[in-house]
Structure formats: C-alpha cells, structure tokens
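Shown next, in structure tokens, is the structure this report addresses.
Readers should treat all values here as calculations from the given coordinates under stated rules, not as data from a laboratory. Since this is a predicted model, take the numbers as computed values, not measurements. Cβ sites come from the backbone with ideal geometry, for glycine too, and all protein chains shown count toward neighbours.
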Amino acid sequence: MKTAASARPGLIITADDFGLHPSVNRAVELAHRDGVLAATSLMVGTPAAQDAIARARGCPRLRVGLHLVLADGMPTLPPRAIPDLVGSDGRFGSRMARDGLRFFCLPRVRRQLALEIRAQFEAFAASGLVLDHVNAHKHFHLHPTVLSLILKIGRDYGLRAVRLPRGAGVAAWLRPWLALLQARLDAAGVAHNDYLLGLRESGRFDEPALLAALRALPPSGIGELYLHPALASGPAIAASMPAYRHADEFAALVSPRVRRALRRLRAQGFRFGGYADLTAPA
C-alpha cells in the first residue's frame, strides 16, 4: 500500500506515553500549542488518561493514536479478567520474550490478550477522539500474534495506520519481523510510515539530536519521529525510565531553532502532520 497521498516527503512528529503522567500530558499539550508536535499516542489504562483526553479535546488539530500497553504498564481490564497476562501487582511485566512465547503457544493466553486489546480500543473509542494511528508500548506490535489481533480488532474501530518501527537502531535480528509486519500491513490496506526516527535516541532526543535528525531527513517518503516529552524527567515519570531525559525532549519540541528548521523544510516541500494528514489516499 502506498504510504503517502503524494510524492512530497513528510514527517509525523509524535509524543508517546500520553496519559502516563500529568507531567507528560502538560508537556504534550504545550509542545503542540507552542512547538512542533503534531501527534501523540495515548495510553488508555493509566490514572492520568482522562486528563490526557480532556487536554486532547482542547487541541482539535492534535492527532491522537492508541498506544497499546501489553508490557510494563497497567491493563484496562481488571486483573481477574486477564490473570495470565498480569502479575500479582496487577501490572503487565517486562519479560517480553517469555510473554511473547505464551501469546503464541497458549490459546487461553491469546483469548485474554484479545480481550485486553479490544478493551483498549473500546476505551479509546469511548474518549470521542478520532483514531489517527496505533502502535504499542515497547513496539510489542512486532509480535505476529499481537499484530494479528490489532488488525482483526482494529477494523471495528476505524484502524487506518500503524507505526512501522524501522530505522537506525533496530537490532538486525528484528529485521525479518519488520519485513513481515510491513507485508501484513500492506496486505491489510493499513497505512504506515516509511521510516522511524527516535529508536536510537529514545529518552535523550534533546535539541541538538533533533536538529541533527531534521538535517538528515531522507528526501522522499513519510517518516515518523517520536519522543517522550514531560516537564519532569526520569523516575518521576516512571520507575522503568530512570535515565530518560523527558524535560530535554520537551525543550527540543518547543525550541525556536527547531521551529525554524521545520520552516526551512516546509520551504523545501516537506509536509507535517499526523498519519491522517500524510497517509490519506489521494
């Protein structure tokens, strides 16, 4: 499937983890209103999700997608409904290789996985926001079982675009899974980006790194550049992110130098926006 509505190059600048923490939510809103942020990916099962939804409703041009959480986070369903997916603390764990094997091999676990994925799509739909795209926390949608369920369930909720996590920083052993993911998205008629920026810089995408990435953009195709902005940093946002420089990433998104760099790219023919803006059929 063609990813772009025209031959002009484009870039989607996205913030992940919307809803994770009030500091993330405030940073996303400010980075959209006062900076270069065009899109964000919402975690629907977090305590700050409703605050994020309220802020998104006040930003009608902000494109919002679903950030499916199936690892290192809170589920949407109560733990008793998905006992094989969560630990004694009621959270998804971080042993993704083990969990991925269980998704693939155990029908009971797959049934619970399907229930949770549908519940997250349903929670997003209940927000009243328009679904711009879908991706998964820690890129768990690279798992073929997770992807199958996203494609099957997502059709009921207007799924049109999925992030393809292909770019510098991807481990060589993941490349066959990326090829499979792209082939399945194309076969399903689901749009995707051509390349992804931010994998190698995750948690430290500060102003110099962002400016360097913008200077090196490919001259064609639709890219996605993703960050993790917040007004605070590190474990104040999440215990699993002790070294993340969230505040530096927020500062990059509202940097005057970055805004000037985008103006230069626009003058060269680049387009900016969300998936709905850059991958819609011509």
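Distance from the Cα centroid of segment 203-256 to that of segment 61-99 is 24 Å (rounded to whole angstrom). All other residues whose Cβ lies under 13 angstrom from that of LEU210 are scored, Lys and Arg at +1 and Asp and Glu at -1, for a net of +2. Helix 256-267 axis versus longest C-alpha principal axis of the chain: approximately 80°, rounded to the nearest ten. For ASP99, ASP132, ASP72, the sequence from fewest to most other C-beta atoms within 10 Å is ASP72, ASP99, ASP132.
Strictly greater than 17 Å: what percent of every Cα pair in segment 24-106 meets that? List each step's numbers first, then the result.
Values: 1856 of 3403 pairs.
The proportion of pairs with Cα distances above 17 Å equals 55 percent.
Sparsely packed loop sites in segment 43-143 (the trypsin sites (Lys or Arg not before Pro) outside DSSP H, G, I, E and B with at most 15 other Cβ atoms within 10 Å) comprise ARG61, ARG95. Mean separation of Cα pairs under 8 Å and 6 or more residues apart, divided by the residue count, gives segment 95-205 a relative contact order of 24 percent. In segment 10-278, Cα pairs under 8 Å separated by at least six residues give a relative contact order of 25 percent. Counted by neighbouring Cβ atoms within 10 Å, the residues HIS137, HIS246, HIS32 run from fewest to most as HIS137, HIS32, HIS246. Over all pairs of different C-alpha atoms, segment 118-231 has a mean inverse distance whose reciprocal, the Kirkwood radius, equals 15.3 Å.
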